[in-house]
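Quick notes on the structure that follows.
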Amino acid sequence: MHDVAQVFFEDMKEGMTATVSRVLDDAAVRAFATLSGDVNPVHLDDDYAAATLFGRRIAHGMLTAALLSTVIGTKLPGKGTIYLSQSLRFRRPVFIGDEVTAEVEVTAIDQKRQRVTLACRCVANGKEVLSGEAVVMPPSRERGA
């Protein structure tokens, strides 16, 4: 069993942050391709990818984005969180073997609806590769988690 945090809605404050870092290596990219069915050769074929504008294979954008789900589901808010929406902007490619750090930051709290807005970003090699915003419903003591 993985270690999963849980931050209740009642304890959330603007400015709270959490991160997760993972290397998106060949095995991760191939596993994602198998699970998702996205077998675009830009992700899987070195020769094909060499002829693209990227010059080499890139990780799936949605694999990078999935790291945001990891942060939200395991750290902030963590266990019991319900994902309501996610916007994404893919800013730069992530290459095979890059370490990606996904970060979320609480930017707004809707007390009435018990919703939290999170600024989301992923960084690789010191540069932002993905940005977006998520809206989630964290666990709540009031609702019984």
Legend entry - Within the chain, helix-based [θ] at 222 nm, where runs of 4 or more DSSP H residues each add -39,500 (n - 2.57), nearest 500: -6500 deg cm²/dmol
Inset, instruction - Could you go through segment 123-129 in sequence order and give the Karplus-derived ³J(HN,Hα) for each residue, using 6.51 cos²θ - 1.76 cosθ + 1.60 with θ = phi - 60°, rounded to whole Hz, and x for Gly and Pro? - result: 10, 9, 6, x, 10, 5, 9
Legend entry - Whole-Hz couplings from phi, Karplus 6.51/-1.76/1.60, listed for segment 36-49; x for Gly and Pro: 8, x, 7, 9, 3, x, 4, 8, 10, 10, 4, 5, 4, 5
Inset, instruction - Check each of the trypsin sites (Lys or Arg not before Pro) in segment 60-145 and keep only those in coil by DSSP with at most 11 other C-beta atoms within 10 angstrom; list them in order. - result: Lys112, Arg113, Arg141
Legend entry - Cα-based helix-to-principal-axis angle, 61-74 vs the chain, degrees rounded to 10: 30
Inset, instruction - Take the chain, connect every pair of alpha-carbon atoms lying under 10 Å apart with a spring to form a Gaussian network, then pick out the residue of Ala50, Ala65, Ala102 with the largest mean-square fluctuation. - result: Ala50
Inset, instruction - Figure the gain on full extension for Ala119 and Arg30 (residue separation times 0.36 nm, minus the Cα-Cα span) and round it to one decimal in nm. - result: 29.2 nm
Inset, instruction - Lys and Arg at +1, Asp and Glu at -1: add these up for the other residues within a Cβ distance under 13 Å of Arg121 and post the number. - result: 0
Inset, instruction - Report which label in (1) 16.0; (2) 15.5; (3) 17.6 holds the value of Kirkwood radius over Cα pairs in Å derived from the coordinates of this structure. - result: (1)
Legend entry - Among Ser87, Gly37, Phe54 - extreme Cα towards positive end, dipole of the chain, charges at beta-carbon: Ser87
Legend entry - Computed magnitude of the charge dipole of the chain (debye, nearest 20; Cβ of K, R +1, Cβ of D, E -1): 420
Inset, instruction - Quick one: what are the phi-derived ³J(HN,Hα) couplings along segment 107-122, Karplus 6.51/-1.76/1.60 with θ = phi - 60°, whole Hz, x for glycine and proline? - result: 10, 7, 10, 9, 4, 5, 9, 6, 10, 10, 9, 10, 6, 10, 7, 10
Legend entry - Cβ-derived FRET efficiency at R0 41 Å, Asp47 paired with Ser69, nearest 0.05: 0.80
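All of the numbers you see were taken from the coordinates with simple rules; none came from a lab. Please read these numbers as outputs of a predicted model, since none were measured by experiment. Virtual Cβ from ideal backbone geometry, glycine too; neighbours counted across all protein chains shown.
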